[in-house]
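Reading through the structure tokens given below for one structure.
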Amino acid sequence: MNVEVITKSRLASFSTCQRLHDLTYNKGYRSILPRELAEWGTLFHAGLDAWWSTYIGTTPEAPPLGGMALANALAAFATMRASSPALDDTAFAKAEIMMAAYDARWAPTMDEWEVLGVEVEFVTTVPGRKRLRVAGKLDKLLRRRATGEIFYGEHKTTGADLSAGSTYWQRLRMDSQVSIYFGGCRELGHEPAGCLYDVIDRPAQKLLKATPVEQRKYTKATAKEPSRLYSNQRENDETVDEFRKRVGAMIAENPDAYFARAEVVRLESELEESARDVEAVALQIRASASADHAPRNPNACFLYNRPCEFLDACSGLASLDDETKFTRIANVHPELSLVG
């Protein structure tokens, strides 16, 4: 089997675990069990797409009607609600809070950018390897109004530290996606000045639960004040509205901790090095496709603080033939319309 299409996700999957890659891309298996973090990221991405799409064709002199971008993003959330079984009211509330905060943080800066496209697909080739196609989607294609420079945008949701100098930004110097998409932008006929890397730190807060009765502690009653629960304990579960107010206030107090952008550039030497990396891994993928065994990597079973979707199958607790847990698809790149 020859590998014809390489994506950032495919490269990452193979580098993470060859069994994961084999099940996902060679055999076409997908888990059908809901996964909260993955679904939240997909949900918020849809909201961001709707938000940015609102600015296509607008100008500083004729901007979108006030609040339209946020309204479109919230409408996208509502549309996805029925198809997101892993997400409860709290998760949707968190998405709505974050989207409102994103709008407040970045809408005032949109005069700087002309939005040329959202979710712009490309297909190019690995230099010197015409049978190895590289495909992907630019989250955003932008032109800086002041200079005419072209940027491609990438937005990410994360739980990492976004402060200046953190390792999150350091690793972008080697991130293959930034380099691959640089070539994709060129394939679309644009010479990019860089990547506008747009990162959202997903709050980890959850609904506060009532303190179990047997663990409750009360202050002593006085002439001026009756007995009450200690301030760090609760009599009732936090409501979704209370959660909205608490998390919203937390974000408003320090928005830069939750929203960060950086302009990531690439030297030609860095693009060449990345192309060699992509080619080397792509050829390993091609070679592995003809092998009769794809080794497991137990060190990757709990990346990103959640179990791999194939953990039960790899550990022998479930069968890939179990239709209540797994399904198979013919097109292993359903997110791309230009490849099949």
Practice prompt. Would you check which residues across segment 223-262 are closer than 21 Å to residue 210 by Cα, touching a strand residue (DSSP E or B) at 6+ places or on another chain (Cβ under 8 Å) and not aliphatic (A, V, I, L, M) and list them?
Written response: 227, 228, 230, 235
Fill in: Scan of segment 6-63 for residues that are in a loop (DSSP other than H, G, I, E, B), basic (Lys, Arg) and within 17 Å of the chain's Cα centre (by Cα), ordered by number
35
Discussion item. Just to verify a result, which residue in segment 38-60, among those that are modelled with pLDDT of 90 or more and of a type in the set (Gly, Ala, Ser), is surrounded by the fewest Cβ atoms within 10 Å (Cβ to Cβ)?
Written reply: 57
Discussion item. Looking at the structure I just gave you, is residue 247 under 30 Å from residue 101 (Cα atoms), touching a helix residue (DSSP H, G or I) at 6+ places or on another chain (Cβ under 7 Å) and touching a residue at least 12 places away in the same chain (Cβ under 8 Å)?
Written reply: yes
Worksheet, complete the sentence: residue 299 meets each of (1) in a loop (DSSP other than H, G, I, E, B); (2) closer than 30 Å to residue 26 by Cα; (3) without any contact (Cβ under 8 Å) to a residue 12 or more places away in the chain with one exception, condition (1)
Practice prompt. Residue by residue through segment 61-95, note down the ones that are in contact (Cβ under 8 Å) with a residue 60 or more places away in the chain and surrounded by 14 or more Cβ atoms within 10 Å (Cβ to Cβ).
Written response: 90, 93, 94
Discussion item. Please count how many residues of segment 251-290 are of a type in the set (S, T, N, Q) and closer than 28 Å to residue 165 by Cβ.
Written reply: 3
Discussion item. Take residue 167 and tell me if it is loosely packed, with under 14 Cβ neighbours inside 10 Å, β-branched (Val, Ile, Thr) and over 22 Å from residue 277 (Cα atoms).
Written reply: no
Worksheet item: What number of residues within segment 174-190 satisfy the criterion of being in a helix (DSSP H, G or I) and either buried (at least 18 other Cβ atoms within 10 Å of the Cβ) or small (Gly, Ala, Ser) (or both)?
Response: 10
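The values are calculated or read from the model by the stated rules, or taken from the named source; none is laboratory data. Only a predicted model underlies this, so the values are computations on that prediction, with no experimental measurement involved. Backbone-built Cβ (ideal geometry, glycine too); neighbour counts: all protein chains shown.
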